[in-house]
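Okay, so here's the structure we're looking at.
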Amino acid sequence: MSELKIIVPDNFKEFGNKVNEHLKDIRNNKDNYLVDASLIRFNNGEGKAILRETIRDKDLYILSDVSNYSIHYQNYNYIHYMSPDEHCMDIKRILSAECGHALKRTVIMPYLYESRQDKKDSRESLDCAMALQELTNMGVNEIVTCDVHNKGIMNAIPNTAFENVYLTDMLLLDLLTHEKITNFDNLICISPDEGAMKRARVFSEMLGNVQIGSFYKLRDYTKVINGKNPIIDHRFLGPSNKDMQGKYAFVVDDMIASGESILDTARLLKEIGVEKIFLVVTFALFTQGVSKFDEYYNQGIIDRVYATNVNYVPDRYLTRKWFQSVDCSHKLAYLISELNYGHSIGELINSKQDVAIKIKKLRRG
């Protein structure tokens, strides 16, 4: 075991501070694991990283939220808000400033950079794979992400450790506890499209094999709007409308971007006769704001949105009555501690057995 050190850019400061405090509790000490580091920006947009303490022969962890769109700087006479490209470049700046002196380097990006550009069709870029290879070439020994869009992206770096940590356990337990749900026979897990079907099945199994349903998206492939083929219609595959009456539906997906698809799913479920609808995602990006979510909540279509705190969500959204943020900082702190000790993290990554035991206790009241 080498000395543990963590570098956290401004895009993940609050979460990084929580991880630091959890590590103190986990290890029963008062050590500060955060490195004194800065990311400097010049007025023309160029930047540099500065490390103000040595990390020679240390076990280094870099935590970054590349989806954070609140970080800004003065670019000429304008306020410029940083994009995922710039956040990813800052990770590489930190690695450059580290100069290869760390004994081991781990990059933790809960929202994996360019994770939705993970496969190549015809003449287009393969951004996620290129970024992972760049990090590996700069000496990164391990990459940790959460609920990645396509786990097959790890094939881009076959000789580098790639850990995909599932946060479904944290989301599910928080939902069941907060909503005080005890009648599991009345639950159904819904996938808003075929891509999230595996996630719905995992939720169903952890809940004791409750019913599953899915929507199939019919798209117009002759048009591209905002980078996507527009959805023409949703078709439901699952129990009959009669069997859906009075159900509590968990609509599960990896992320909310614009929210168009998952809100359409909620509306259709309400029309079928579902009593309560909870939207459960790992990443709540809200790329087009939350006005539509406010509208659906006020109309009684959705009851709550559950999302983790591993990506940036503005404070004005966090205070919405329909939004519940699930804190995952302790899980990632424990993961870092175990990696630093050289312990196996297999149980921690999945947590299915632990969740199943806790849910059995909830079922027994």
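Just one of the numbered conditions (1) modelled with pLDDT under 95; (2) open to solvent by 10 Å² or more (accessible area, probe 1.4 Å) is not true of Val274: (2). Among residues of segment 7-26 that are closer than 25 Å to Cys88 by Cβ, those with a Cβ under 6 angstrom from a residue that is open to solvent by 10 Å² or more (accessible area, probe 1.4 Å) and small (Gly, Ala, Ser), sequence gap 6+ or separate chain, pair up as Ile7/Ala37. For segment 324-339, the set of residues classified as open to solvent by less than 10 Å² (accessible area, probe 1.4 Å) and farther than 22 Å from His87 by Cβ consists of Val326, Ser337, listed by residue number.
Let's see how each residue does on (1) under 17 Å from Asp65 (Cα atoms); (2) open to solvent by less than 10 Å² (accessible area, probe 1.4 Å); (3) in contact with a Lys or Arg (Cβ under 6 Å, 6 or more places away or on another chain); (4) assigned to a loop (DSSP other than H, G, I, E, B):
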position: Arg93; (1), (2), (3), (4): yes, no, no, no
position: Ser96; (1), (2), (3), (4): no, no, no, no
position: His101; (1), (2), (3), (4): no, no, yes, yes
position: Pro110; (1), (2), (3), (4): yes, yes, no, yes
position: Tyr113; (1), (2), (3), (4): yes, no, no, yes
position: Lys119; (1), (2), (3), (4): no, no, no, yes
position: Glu134; (1), (2), (3), (4): no, no, no, no
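In segment 1-48, of all residues being in a loop (DSSP other than H, G, I, E, B) and among the acidic types (Asp, Glu), the one that is surrounded by the most Cβ atoms within 10 Å (Cβ to Cβ) corresponds to Glu3. For segment 140-160, the candidate set comprises residues that are in a helix (DSSP H, G or I) and modelled with pLDDT under 90; within that set, the residue that is nearest to Leu63 (Cα to Cα) is Lys151. Figure legend. Inter-residue proximity from segment 195-222: first residues over 21 Å from Asn150 (Cβ atoms), second residues of a type in the set (D, E, K, R) and surrounded by 19 or more Cβ atoms within 10 Å (Cβ to Cβ), beta-carbon distance below 9 Å, spacing 6+ or different chains. Indicated pairs: Met206/Asp169; Gln211/Lys247.
Every residue, every condition in (1) of a type in the set (Lys, Arg); (2) touching a strand residue (DSSP E or B) at 6+ places or on another chain (Cβ under 8 Å), yes or no:
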| position | (1), (2) |
| --- | --- |
| Ile256 | no, yes |
| Gly259 | no, no |
| Leu268 | no, yes |
| Tyr296 | no, no |
| Val313 | no, yes |
| Arg316 | yes, no |
| Ser325 | no, yes |
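Checked across segment 193-216, the condition of being among the aliphatic types (A, V, I, L, M), under 25 Å from the mean Cα position of the chain (by Cα) and over 25 Å from Leu173 (Cβ atoms) holds for no residue. Taking only segment 255-287 into account, find how many residues are within 16 Å of Asn68 (Cβ to Cβ) and of a type outside the set (Val, Ile, Thr). Number satisfying all stated conditions: 6. Report yes if Ile301 is free of Cβ contacts under 8 Å to residues at least 40 places away in the same chain and β-branched (Val, Ile, Thr), otherwise no. Criteria met by Ile301.
Applying the set (1) hydrophobic (A, V, I, L, M, F, W, C); (2) open to solvent by 70 Å² or more (accessible area, probe 1.4 Å); (3) closer than 27 Å to Phe215 by Cα to Leu285 leaves exactly one unmet item: (2).
Residues that are more than 27 Å from Arg116 (Cα to Cα), out of contact with any strand residue (DSSP E or B) (no Cβ under 9 Å at 6 or more places or on another chain) and open to solvent by 50 Å² or more (accessible area, probe 1.4 Å) within segment 163-207 comprise Thr177, Lys180, Thr182, Asp185, listed in sequence order. For first residues located in segment 42-53 and farther than 15 Å from Glu86 by Cβ and in contact (Cβ under 8 Å) with a residue 40 or more places away in the chain, partners that are assigned to a loop (DSSP other than H, G, I, E, B) and open to solvent by less than 60 Å² (accessible area, probe 1.4 Å) and lie 6+ apart or on another chain with Cβ distances below 9 Å form the pairs Leu51/Val35. Do we find that His72 is over 19 Å from the mean Cα position of the chain (by Cα) and buried (at least 17 other Cβ atoms within 10 Å of the Cβ) in this structure? Taking the combined requirement at face value, the residue does not satisfy it.
For Gly246, the stated conditions do not hold, so it cannot be described as modelled with pLDDT of 85 or more, more than 19 Å from Arg116 (Cβ to Cβ) and open to solvent by less than 20 Å² (accessible area, probe 1.4 Å). When segment 54-75 is filtered for residues that are in contact (Cβ under 8 Å) with a residue 24 or more places away in the chain, closer than 21 Å to Tyr113 by Cβ and not in a loop (DSSP other than H, G, I, E, B), the ones remaining, listed by number, are Leu60, Tyr61, Ile62, Leu63, Tyr73.
The values are calculated or read from the model by the stated rules, or taken from the named source; none is laboratory data. In this text the structure is predicted, and so the values were computed from the model without any measurement. Neighbour counts run over all protein chains shown; Cβ positions are idealised from the backbone, glycine included. Please note that ligands, DNA and RNA were not included when accessible areas were found on the heavy atoms of the full protein model with its side chains. Shrake-Rupley method; radii C 1.70, N 1.55, O 1.52, S 1.80 Å.
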